[in-house]
Structures are given as structure tokens and as C-alpha cells.
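> Before I ask anything, here is the structure I am working with.
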Amino acid sequence: MDSSSLLARAVDATLDRSVVLGYTSIGSGVRRKFWPADPAPGSLVGKRVLVTGATSGIGEAMARSFLDLGATVHLLGRNPDKVADYARDLRLEVPNADIVEEVCDLSDLDAVRAFSTDLAGRVDALHGLVHNAGVMPPERVESAQGHEMALAAHVLGPHLMTHLLRERLTAGPGSVVWMSSGGMYGSGLRTRDDADIEYRRGEYKGVQAYARTKRMQVVLADAWATELAGTGVKVESMHPGWVRTPGVTESLPTFNKVLGKVLREPEDGADTAVWLVATRPTSEHQHFWHDRAQRPTTFGWQRQQDPDLRARLLEYVATVTATPRLR
Ligand SMILES: NC(=O)c1ccc[n+]([C@@H]2O[C@H](COP(=O)([O-])OP(=O)(O)OC[C@H]3O[C@@H](n4cnc5c(N)ncnc54)[C@H](OP(=O)(O)O)[C@@H]3O)[C@@H](O)[C@H]2O)c1
């Protein structure tokens, strides 16, 4: 490795460990000078990508970036009016935009089953599926099937969708990206000493539930990568850094106030997902990315992943979604 690459790696690692520098617009601003090349213009012409949570923040920006690269973009939101409004805006902004409007509440497993089965009947192949939708409920609320909301929207719904779209992804072959969060570094699969997956016991804390389900996404993405190895389908997870979006201003107003000036713009937060789908880089064990580079999923001072908790999670997800258990 030459000296400039070594320097770039050292700067990158320093930004990552400092957290505040790395996760804000400062991190992407510096890394942009040495990160891998942008996707080629037109690299997604003839390709089809589904973006969930495309009616706000990072998902909105991501949809535009995919359209700019020539993809047909399926814009998925839970609110039909928001989907229609944003699709109309995009059609005005992006010449020849090929947009398909999709409505599905990802926390509702019946809705996910109906939507995914319908989509599989409408398309031959899917080249990208970005599980971007996210929530941070302030108190414990339940989905249509009685699951805790963050678990349902971040984990159960996206898992079931991946399972039901598997053949279309294989036909792509596609890339699946799980939009996790740097918040997952602060959580294992267990919250404090409690491995209660549905948060039925003890005091519910939205930030903890959010972080733990974001950790679950990283674990699931890795399990899906193993499951789909050899099919051509790539499965990754990532975190976007700290991004100025309606989700942040509404759920974390103090955070937004303190870091407002250095928060990333939504297209910056979307960048790595777009790059992963468009360039399909080689990906190794655990498959977790930030700013176009693979990152550790735990640091040395944190407790390493507990294989029993991992097994319990995979078993639980399989049981409640009535899908085969991942390894
Ligand atoms: N912003 C950050 O700094 C940051 C940091 C780390 C990770 N992330 C992750 O990045 C992703 C996008 O975040 P964001 O900041 O752009 O959030 P946002 O502005 O709140 O947007 C979230 C999107 O998800 C949709 N959504 C929520 N629940 C849904 C459900 N049950 N079914 C279908 N769609 C649903 C929302 O729909 P409505 O418009 O109908 O509400 C919205 O389109 C999330 O997964 C988040 O965890 C963000």
C-alpha cells in the first residue's frame, strides 16, 4: 500500500473512532476526497430498485439519486397521499423519471405479504431493495399483529419482504441494503440484562428500542448474506451518519439543535446505499458499511455478539413471519 493510501486509511479510522467528526458532514466531506469512485452515469439504466420510507428524509433523497442514475424506482411509503405528492414532484424535477408508486405499512405483516406477492407478480427482476423506512416511537405501541412497532417496522416486515421477493432478487441479481444506524453500536441484542425481544417487560425507552432493532438489522443482514451466498444477490447493512431529516427534527429535537449546523444533508446520508446498489462492491464478513467503506459491527471494548441471542432472534423472526429460519 502506498503512503497516500495509508494516510487516507489513518484519517478514515480517526474520523470513525471520533464519532462526532465521522458521522457529521465533516466526515463525509473529508472522506469524499479519497473514497471509491462514484457510480458511472447511467449505470442503473434498465434496472429496478425498491426504496422503502421514500416519502421523507434519506429515502426521498435516495429515490432521486437512483432516478438520476437511470433506474426505475418503486417509491414505497405508508401514506398514499405522501407517495403521490412526492412522485409528482420527482416527475417534474427529473426528466423521463420512471417511477412506480407503492403503498405498504411495513409494520403490518399481512400488508407486507400482500404487497410483496403483488409486486413479485408485476416485475421479473429486482436489482435493488433498500430497507430504509424507520421509526422511533416515544412509547410502546403495537403493530397490526401485536408486535412492538420498531421491531415490526425495522425487522419483521423487511425480513418477510426479503423472503417473499427472494426470487425476483435472484433474477436481478439484486442488492439488498438495510439502513441501520450508528446508534446500534450502543446496543447489543439484549437491552440492559433483558433479552425480551418484544419489550413487554420493564420501562419502554424508544431510543433503546430503536438502537436494539437497528442492531438486529445488522445481524439479519449478515444472516441473509449467508443465506443468499452463491445466488448473486448481495446483502449489506450500513449507517448513514447523522442526517438532517424530518425524522431527526421530530424525534430528536435536542440532538438536532446541538448538531444542526454539521448534520449531513439527506443525499449525503443516502450516498452509500446508492453506491452499494449501483457498484456492487466486494463485501466481507458482517457486511456493514458507512461512507463507502466496510466498518466493524462492534469495537474492542464492547461485548461481542452472543451466539445464543443471535440464534434466538433468528428463531423468533422465522416463527412470527412463518418463514424458514436463517442460519
Ligand atoms: N437521519 C439520521 O440521522 C439517521 C441516522 C441513523 C439512521 N437513520 C436511518 O435512516 C432511515 C431513514 O431515516 P430518516 O431520518 O430519513 O427518517 P424519516 O425522515 O423519519 O423518514 C422515515 C421514512 O420511513 C417511513 N416509514 C416509517 N414507518 C413506516 C412503516 N411502518 N411503513 C412504511 N414506511 C414507514 C416514513 O413514512 P412517513 O413519511 O409516512 O412517516 C418515512 O418515509 C431510518 O431507517 C433511520 O433509522 C437515520
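> When you look at G230, is it without any contact (Cβ under 8 Å) to a residue 60 or more places away in the chain, within 16 Å of the ligand (Cβ to nearest atom) and either part of a strand (DSSP E or B) or closer than 27 Å to L276 by Cβ (or both), yes or no?
no
> Right, something else. With respect to W242, is the statement that it is among the hydrophobic types (A, V, I, L, M, F, W, C), within 9 Å of the ligand (Cβ to nearest atom), touching a strand residue (DSSP E or B) at 6+ places or on another chain (Cβ under 7 Å) and touching a residue at least 24 places away in the same chain (Cβ under 8 Å) true?
Judged against the criteria, W242 is a match.
> Here is a follow-up. Please state which one of Q304, Q294 is within 18 Å of the chain's Cα centre (by Cα) and open to solvent by 40 Å² or more (accessible area, probe 1.4 Å).
Q294
> Taking only the range 233-260 into account, find how many residues are under 17 Å from R327 (Cα atoms) and either in a loop (DSSP other than H, G, I, E, B) or open to solvent by 50 Å² or more (accessible area, probe 1.4 Å) (or both).
Going through the range 233-260 one residue at a time, the tally reaches 1.
> Here is a follow-up. Restricting attention to the range 168-176, does a residue exist that is of a type in the set (S, T, Y) and either over 13 Å from the mean Cα position of the chain (by Cα) or more than 21 Å from T297 (Cα to Cα) (or both)?
So far as the range 168-176 goes, yes, one or more of its residues are of a type in the set (S, T, Y) and either over 13 Å from the mean Cα position of the chain (by Cα) or more than 21 Å from T297 (Cα to Cα) (or both).
> Then there's this: Could you pull out the residue among L126, L75, L106 that is within 12 Å of the ligand (Cβ to nearest atom) and part of a loop (DSSP other than H, G, I, E, B)?
When all the criteria are applied, what remains is L106.
> Please tell me if A54 is closer than 17 Å to L126 by Cβ, within 16 Å of the ligand (Cβ to nearest atom) and open to solvent by less than 20 Å² (accessible area, probe 1.4 Å).
Yes: the conditions hold for A54.
> What do you reckon, is L119 aliphatic (A, V, I, L, M), part of a helix (DSSP H, G or I) and under 28 Å from V103 (Cβ atoms)?
yes
> Taking the condition surrounded by 23 or more Cβ atoms within 10 Å (Cβ to Cβ) and either assigned by TED's automatic domain parsing to the domain that holds N132 or over 18 Å from H131 (Cβ atoms) (or both), does L67 pass?
Judged against the criteria, L67 is a match.
> Now a separate question. Can you find a residue in the range 261-274 that is surrounded by fewer than 20 Cβ atoms within 10 Å (Cβ to Cβ), touching a strand residue (DSSP E or B) at 6+ places or on another chain (Cβ under 8 Å) and of a type in the set (S, T, Y)?
No.
> A further question follows. Which condition from (1) at pLDDT 95 or above; (2) open to solvent by 50 Å² or more (accessible area, probe 1.4 Å) is the one that E284 breaks?
(1)
The values are calculated or read from the model by the stated rules, or taken from the named source; none is laboratory data. Quick caveat, the model's predicted, so the values are computed rather than measured. Reconstructed Cβ throughout: ideal geometry from the backbone, glycine too, with neighbour counts over all protein chains shown. SASA here: full protein model, heavy atoms, side chains in, ligands and nucleic acids out. Shrake-Rupley method; radii C 1.70, N 1.55, O 1.52, S 1.80 Å.
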